[in-house]
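Q: Okay, here's the structure, questions in a sec.
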Amino acid sequence: MFEFRRELKRIFQPESLKDGLVAGDPSLLELLELTLLMNEAKAADVAAARIGADDRPARQLEAAAIWREIARRTGDAVALRKSAASAELACMGYGRDQRPQGWARARCEQASAAVLGAELFGDDGLNAAADIAFAEAQVAGKQTLSAALADLGRTTIEARTAMPTSARPETLEIAARFEPPCEALDIHGKRRPIGRLMAVQARTDRAEFLAACGIRLKDPHLLRMAVDGLTLILARVDRDYEPLSWARATTLRATTKAALCDLDGEVGVVAQVVDDLISVLEHVSLDHSPMDWARAQVALAGALQMVAEVGDSTPAFDQALKCLERALSVFDAQPALLERANALYRRASCLLRRAELTGTIEALDAAEAALRAELISLNPSADPVGWAVRQLNFARLYEAREDLSGPNPAARKSAAVALSAALDVFAEHGLRSLSDVALRGLERLKEPT
């Protein structure tokens, strides 16, 4: 495997591949580490800008796909803007009336960049723009691959919009709509590997939707559907040749199994979850895909916290906190990331949970000191979401202190002020899950002591 990767590095050096093409097969992008992928993107830009370039819109479309993959792996807004700009140039080059099939494919790429932006930064306006673009591509693409991608894109947007609120019947109905475009991609995959890989990614999106709804609804059936779907995906994916698709599916299956274990009470499964996540971290490095690596760290932290709570193990809490610190070392490079806010909340929750299980005022004092140190070092105007997450954690700290020492009206008032301030920020930045946490906290404070 290592010899194979060294040979790839030799092949994909900028001087040996000047036109930014991955042997004509974009599915090979998964094999490239981030540095090589950056070189590939720059080479693709050069190829698209060259005077006399052969089919310039096609080169621009290839560049857009590579920059989008960089943005997916790093959370970098600049790379995402480059992807969107290249896709827009490709749309203009193809022309809706002159080359409608190429235009539809470029419009799908433009919409995919918007969907990724909404996923990374929580901007619902990007989802709305993407849905319009996919609808236009669906009409222009007719019965081609572009039409299947557009159908899939619109279903994905619908799923993500419905994720916080959908009941079980609606969830199953939306999940079923993923299959027809996936089958169309499977057929395309018989001719080109990228079609099969797109189908794998789409089915992973469906499993993620089922898992998220299953966790919210506490529905074991939905969680088992997600696990079964991911198991079928992993049976079709080669982790040596498709390492990132394998890592994403494996991480998602592990977290879904952990959620199912939490509902069923089968704590023995957690050890297998931890082993699966460690195998992901061993196979996908920080240099290969920082975001996938960081997500696996967050998932491992969640599993270790479950181990800690079942066994009342302080070392397991410590290991979970270290995993979250490692994840934040990646997320902190892009402060606007939704996942950064969630990781900050989970780290503080882990710290506070450890103090709660210890059951002493001294442990809560230590947790409060750590939170205050973070808050002092923070610039609220530069990082309002980080500030709001810490306010949310302070409110939980006040609640925990009241549970240990008895009713405290002053602590309740401080918690209410912190939660209200946090809620305003979360609502402004479209952070629905954290807004829900803050609202639930305010409702608890209204309950009589």
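The values are calculated or read from the model by the stated rules, or taken from the named source; none is laboratory data. Values in this document were obtained by computation on a predicted structure and should not be read as measured data. When we count neighbours, we look across all protein chains shown, and the Cβ atoms used for this are built from the backbone with ideal geometry, even at glycine. Accessible surface is based on the protein model in full, side chains and every heavy atom, while ligands, DNA and RNA are left aside. Shrake-Rupley method; radii C 1.70, N 1.55, O 1.52, S 1.80 Å.
Q: Taking the conditions exactly as written (charged (D, E, K, R) and modelled with pLDDT under 95), does Arg236 satisfy them or not? Even if it seems obvious, please write down each step before you answer.
A: Values: charged (D, E, K, R): yes; modelled with pLDDT under 95: yes.
Answer is yes for this residue.
Q: Does Ala258 satisfy being part of a helix (DSSP H, G or I), within 21 Å of the chain's Cα centre (by Cα) and modelled with pLDDT of 95 or more?
A: Answer is no for this residue.
Q: If we keep just the residues of segment 263-311 that are of a type in the set (Val, Ile, Thr) and outside any helix (DSSP H, G or I), which is farthest from Ala212 (Cα to Cα)?
A: Step one: filter segment 263-311 for residues of a type in the set (Val, Ile, Thr), giving 267, 269-270, 273-274, 278, 280, 284, 298, 307, 310.
Now drop any that are not outside any helix (DSSP H, G or I), which leaves 267, 284.
On the way: Val267: 20, Val284: 24 Å.
Selected residue: Val284.
Q: May I pose another question? So which residues in segment 47-75 are at pLDDT below 95 and among the acidic types (Asp, Glu), if there are any at all?
A: Asp54, Asp55, Glu62
Q: Which residue out of Arg253, Arg248, Arg236 is in contact (Cβ under 8 Å) with a residue 24 or more places away in the chain and within 23 Å of Thr35 (Cβ to Cβ)?
A: Arg248
Q: Can you name the number of the only condition in (1) closer than 23 Å to Met163 by Cβ; (2) touching a residue at least 40 places away in the same chain (Cβ under 8 Å) that Gly229 fails?
A: Every listed condition holds for Gly229 apart from (2).
Q: Please verify whether Ala395 is modelled with pLDDT under 80 and either assigned to a helix (DSSP H, G or I) or among the hydrophobic types (A, V, I, L, M, F, W, C) (or both), treating the condition exactly as stated.
A: Spelling it out, it is not the case that Ala395 is modelled with pLDDT under 80 and either assigned to a helix (DSSP H, G or I) or among the hydrophobic types (A, V, I, L, M, F, W, C) (or both).
Q: Taking into account only those residues within segment 47-99 that are of a type in the set (Val, Ile, Thr) and either open to solvent by less than 60 Å² (accessible area, probe 1.4 Å) or touching a residue at least 40 places away in the same chain (Cβ under 8 Å) (or both), which is farthest from Gln334 (Cα to Cα)?
A: First, the residues of segment 47-99 that are of a type in the set (Val, Ile, Thr): 51, 66, 70, 74, 78.
Still in the running and either open to solvent by less than 60 Å² (accessible area, probe 1.4 Å) or touching a residue at least 40 places away in the same chain (Cβ under 8 Å) (or both): 66, 70, 74.
Details: Ile66: 19, Ile70: 14, Thr74: 9 Å.
For segment 47-99, the residue satisfying everything is Ile66.
Q: Within segment 120-138, can you find the residues that are open to solvent by less than 10 Å² (accessible area, probe 1.4 Å) and free of Cβ contacts under 8 Å to residues at least 40 places away in the same chain?
A: Of everything in segment 120-138, those that are open to solvent by less than 10 Å² (accessible area, probe 1.4 Å) and free of Cβ contacts under 8 Å to residues at least 40 places away in the same chain turn out to be Ala130, Ala133, Phe134, Ala137.
Q: Just give me the residues in segment 139-156 being of a type outside the set (Ser, Thr, Tyr) and either open to solvent by less than 50 Å² (accessible area, probe 1.4 Å) or closer than 18 Å to Leu116 by Cα (or both), in sequence order. It would help to see each step written out before you state the result.
A: In the first step, residues of segment 139-156 are kept if they are of a type outside the set (Ser, Thr, Tyr); the result is 139-143, 145, 147-154.
Selection gives Ala140, Gly141, Leu145, Ala147, Ala148, Leu149, Ala150, Asp151, Leu152, Gly153, Arg154.
Q: Given the criterion of a type in the set (Lys, Arg), in contact with a Gly (Cβ under 9 Å, 6 or more places away or on another chain) and touching a residue at least 12 places away in the same chain (Cβ under 8 Å), identify the matching residue among Arg206, Arg177.
A: After ruling out the rest, the residue left standing is Arg206.
Q: Give Val298, Val307 a once-over and let me know the one that is open to solvent by 40 Å² or more (accessible area, probe 1.4 Å) and under 25 Å from Leu263 (Cβ atoms). I'd like the intermediate steps shown before the answer.
A: Values: Val298 fails: open to solvent by 40 Å² or more (accessible area, probe 1.4 Å).
Answer to the selection: Val307.
Q: Separate question: Can you find even one residue in segment 231-239 that is open to solvent by 30 Å² or more (accessible area, probe 1.4 Å) and under 25 Å from Leu344 (Cβ atoms)?
A: Looking through segment 231-239, none of the residues is open to solvent by 30 Å² or more (accessible area, probe 1.4 Å) and under 25 Å from Leu344 (Cβ atoms).
Q: Give me the residue from segment 159-173 that is among the aliphatic types (A, V, I, L, M) and under 20 Å from the mean Cα position of the chain (by Cα) and, out of that set, nearest to Ser433 (Cα to Cα).
A: If we take residues in segment 159-173 being among the aliphatic types (A, V, I, L, M) and under 20 Å from the mean Cα position of the chain (by Cα), then Met163 is nearest to Ser433 (Cα to Cα).
Q: Next question, about the same structure. For segment 158-221, give me every one of the helices (runs of 4 or more DSSP H) that falls completely inside it and has 1 or more residues that are surrounded by 22 or more Cβ atoms within 10 Å (Cβ to Cβ) and at pLDDT below 95.
A: Passing ranges, in order: 179-189, 193-217.
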